[in-house]
Amino acid sequence: VMVRPASCFNEEQDSDELGIDCGGSCGACTGGTCREASECNSGVCAEGRCVERPIITGITPNEGAVGTFVTVSGENFGQSTGVVTFTGGVQARVPARCAEVSDGWTPNSVIVEVPTGAQTGPITLKIASSSLTDVSNDSTGPDAGVFTLSNATHPGICAVNPETGAIGSVVRVIGAGFGSQ
């Protein structure tokens, strides 16, 4: 356990901080050099650099059939595409429809398609920057539960284009499972 000043948690750059809530007495910022975890604001030192640990906070939907679009929500996923693995050891991929507009990976969410061979159980997310992982039902962060493989089908949305507009604007919804309408 590290005791840090209250200013290290106010989402402002103040005191001796080099960034928002990091540096100085708050511990090194992400990317800073370290020898041990206590030197980092994130509490994680990997290969001599301070890194953020990924934290899964939600799985939506948390049940469905193979092919269902699933959004894994959380924190510290990074900008680079990592790996999402379902129970059964099967890696998930960005749905082909979603790949038209993005790689499905953001710092706070990932959109994947339930792969063939997936089984009911927790989902594991591994980030590219440090190879650190989180499991949806472990003690790192909140318990986001497990994904239950079922016969249920759900519509899935990857993107809306344009993202903003006036009332009555025409938008394109990119996804699957909307039926024939």
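The values are calculated or read from the model by the stated rules, or taken from the named source; none is laboratory data. Given the structure is predicted, the values throughout are model-derived calculations rather than measurements. Cβ coordinates were reconstructed from backbone atoms using ideal geometry, including for glycine residues, and neighbour counts include every protein chain displayed. These accessible areas exclude ligands, DNA and RNA; they are computed on the full protein's heavy atoms, side chains included. Shrake-Rupley method; radii C 1.70, N 1.55, O 1.52, S 1.80 Å.
Write out, first by first residue and then by second, each pair whose Cβ atoms fall under 6 Å of each other, whose residues are 6+ apart or on separate chains, and whose first residue, in region 119-131, is over 24 Å from G67 (Cα atoms) and charged (D, E, K, R) while the second is assigned to a loop (DSSP other than H, G, I, E, B) and open to solvent by 50 Å² or more (accessible area, probe 1.4 Å).
From residues that are over 24 Å from G67 (Cα atoms) and charged (D, E, K, R), there are no pairs.
Here are some conditions: (1) without any contact (Cβ under 8 Å) to a residue 40 or more places away in the chain; (2) open to solvent by 40 Å² or more (accessible area, probe 1.4 Å). V110 meets all but one. Which one does it not meet?
(2)
Which one of the conditions (1) at pLDDT 90 or above; (2) under 20 Å from the mean Cα position of the chain (by Cα) does L149 fail to meet, given that it meets all the rest?
Single failed check for L149: (2).
Residues that are in a loop (DSSP other than H, G, I, E, B), surrounded by fewer than 18 Cβ atoms within 10 Å (Cβ to Cβ) and within 9 Å of the chain's Cα centre (by Cα): does region 116-128 have at least one?
no
Can you say whether S15 is open to solvent by 40 Å² or more (accessible area, probe 1.4 Å), assigned to a loop (DSSP other than H, G, I, E, B) and either of a type in the set (G, A, S) or within 30 Å of C158 (Cα to Cα) (or both), as far as the supplied structure shows?
Answer is yes for this residue.
Does A152 satisfy being in contact with a strand residue (DSSP E or B) (Cβ under 7 Å, 6 or more places away or on another chain), over 30 Å from C29 (Cα atoms) and aliphatic (A, V, I, L, M)?
Yes, satisfied.
Is at least one residue of region 57-71 open to solvent by 20 Å² or more (accessible area, probe 1.4 Å), in contact (Cβ under 8 Å) with a residue 60 or more places away in the chain, under 18 Å from D138 (Cβ atoms) and β-branched (V, I, T)?
Looking through region 57-71, at least one residue is open to solvent by 20 Å² or more (accessible area, probe 1.4 Å), in contact (Cβ under 8 Å) with a residue 60 or more places away in the chain, under 18 Å from D138 (Cβ atoms) and β-branched (V, I, T).
Before we move on, is V84 farther than 24 Å from I174 by Cβ and open to solvent by less than 50 Å² (accessible area, probe 1.4 Å)?
Taking the combined requirement at face value, the residue does not satisfy it.
Go through region 1-12 and count every residue that is in a loop (DSSP other than H, G, I, E, B) and either open to solvent by 100 Å² or more (accessible area, probe 1.4 Å) or closer than 17 Å to E39 by Cβ (or both).
Qualifying residue count for the region: 7.
Looking at region 137-181, which of its residues are among the β-branched types (V, I, T) and part of a loop (DSSP other than H, G, I, E, B)?
Answer for region 137-181, where residues must be among the β-branched types (V, I, T) and part of a loop (DSSP other than H, G, I, E, B): T140, V146, T153, T164, I167, V170, V171.
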